[in-house]
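The values are calculated or read from the model by the stated rules, or taken from the named source; none is laboratory data. Everything numeric here is computed off the predicted structure, so don't read it as measured data. So basically every Cβ, Gly included, is an ideal-geometry build from the backbone, and we count neighbours across all protein chains shown. Side chains included, ligands, DNA and RNA excluded: accessible areas come from the protein's heavy atoms. Shrake-Rupley method; radii C 1.70, N 1.55, O 1.52, S 1.80 Å.
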Amino acid sequence: MILTYISAHATARQLDPQMPDRLTAALVELGLSEPIPDSVRHALDRPQWRYRLVYRATTVIVECATAHREHAESGTLYLEPLVRASRLACDDISRVHWMSGTIPFDRRHRSNAVRAHARRVVNRVQWAETSLDADPAANLPVHARRWLTIADRYLVGRIGALLDDVEWSTPRRT
């Protein structure tokens with residue numbers, strides 16, 4: 001756990017000061033004219049360790065824009081940086097139940113439900129990445145919007161509803 005904190009602090013320190021501008025440019029390039037949510041902008045302006053999922057999701061969105069641009073220019077699709085950034089962000093999604101600090105330790109049933117939802121979100125994201133090869137022009141903007149939704153909902157504290165297209169789970173009671 002201490003290594004995760006150290007790694008998260010390192011991620012926050014290495015955050016590019018131009019990241020909000022790069023994120024805005026990436027959203028425009030992908031055809032998503034919606035503004036950056038205020039919660040995400042706040043996390044990018046004030047780097048902290050608990051915002052690491054937001055930084056990683058932002059990196060995935062920028063990589064989506066890069067892959068979209070390269071596909072439009074040369075017709076080739078190189079997804080390795082996108083998949084690598086997505087894998088790191090998915091690791092943070094699996095830790096969301098304790099990274100956000102919104103669930104008390106004595107509420108194990110809530111923690112179990114959030115963990116089950118996080119697994120479903122990771123599965124949904126990984127399944128969506130397999131469809132990027134089929135039609136990159138249509139699927140990359142949708143994938144970027146999915147990551148923007150995850151980052152926004154994480155910061156607002158909706159860690160049990162990171163995505164709408166993932167059903168809510170109720171943990172089994174033993």
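Below, the figures for the structure above:
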{"item": "Within segment 48-76, considering residues that are β-branched (Val, Ile, Thr) and within 12 Å of the chain's Cα centre (by Cα), the one most open to solvent (accessible area, probe 1.4 Å)", "result": "THR59"}
{"item": "The listed residue being under 22 Å from VAL121 (Cβ atoms) and either outside any helix (DSSP H, G or I) or at pLDDT 85 or above (or both), out of ARG69, ARG50, ARG87", "result": "ARG87"}
{"item": "Of all residues in segment 32-47 being among the small types (Gly, Ala, Ser) and closer than 24 Å to VAL121 by Cα, the one that is most open to solvent (accessible area, probe 1.4 Å)", "result": "SER39"}
{"item": "Inter-residue pairs, beta-carbon under 9 Å, first over 16 Å from LEU30 (Cβ atoms) and open to solvent by less than 60 Å² (accessible area, probe 1.4 Å) and in segment 124-138, second among the small types (Gly, Ala, Ser) and assigned to a helix (DSSP H, G or I), 6+ apart", "result": "VAL125/SER86; VAL125/ALA89"}
